[in-house]
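The values are calculated or read from the model by the stated rules, or taken from the named source; none is laboratory data. Nothing here was measured: the structure is a model prediction, and the numbers come from that model. When we count neighbours, we look across all protein chains shown, and the Cβ atoms used for this are built from the backbone with ideal geometry, even at glycine.
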Amino acid sequence: MDKQTFLLKLLATVFSVQMCLLGFEMYRCFESEHPLEECPQVEETFEKTFNVIIATTLALLTGASMEKK
């Protein structure tokens, strides 16, 4: 397995675990009686996670394409 494939699989695993944890957090918040008061940071957490996912993936792909030249 080459370096790029390993990094992308590791990245996918880490982000999958993060998404599962965020999903569980969202489930717990919506099950509470006052979700907006108890869990105001869920939206911000999702936004930050997706921004990191996109930035990291693009950085890995850019680095891989530069390495080939």
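Would a scan of region 43-52 turn up a residue that is surrounded by 10 or more Cβ atoms within 10 Å (Cβ to Cβ), in contact with a Phe, Trp or Tyr (Cβ under 9 Å, 6 or more places away or on another chain) and modelled with pLDDT of 80 or more?
Yes, that holds for at least one residue.
Report yes if Lys9 is part of a helix (DSSP H, G or I) and over 12 Å from the mean Cα position of the chain (by Cα), otherwise no.
Considered against the rule, which asks whether it is part of a helix (DSSP H, G or I) and over 12 Å from the mean Cα position of the chain (by Cα), Lys9 comes out as yes.
Of all residues in region 28-37, which are part of a helix (DSSP H, G or I) and exposed (fewer than 12 other Cβ atoms within 10 Å of the Cβ)?
Phe30, Glu31, Leu36, Glu37
I'd like to verify a number: residues in region 38-55 that are touching a helix residue (DSSP H, G or I) at 6+ places or on another chain (Cβ under 8 Å) and either at positive phi or assigned to a helix (DSSP H, G or I) (or both), how many?
Number satisfying all stated conditions: 6.
Please tell me if Glu25 is of a type in the set (Asp, Glu), modelled with pLDDT of 80 or more and in a helix (DSSP H, G or I).
Yes; evaluated as a whole, the condition is true for this residue.
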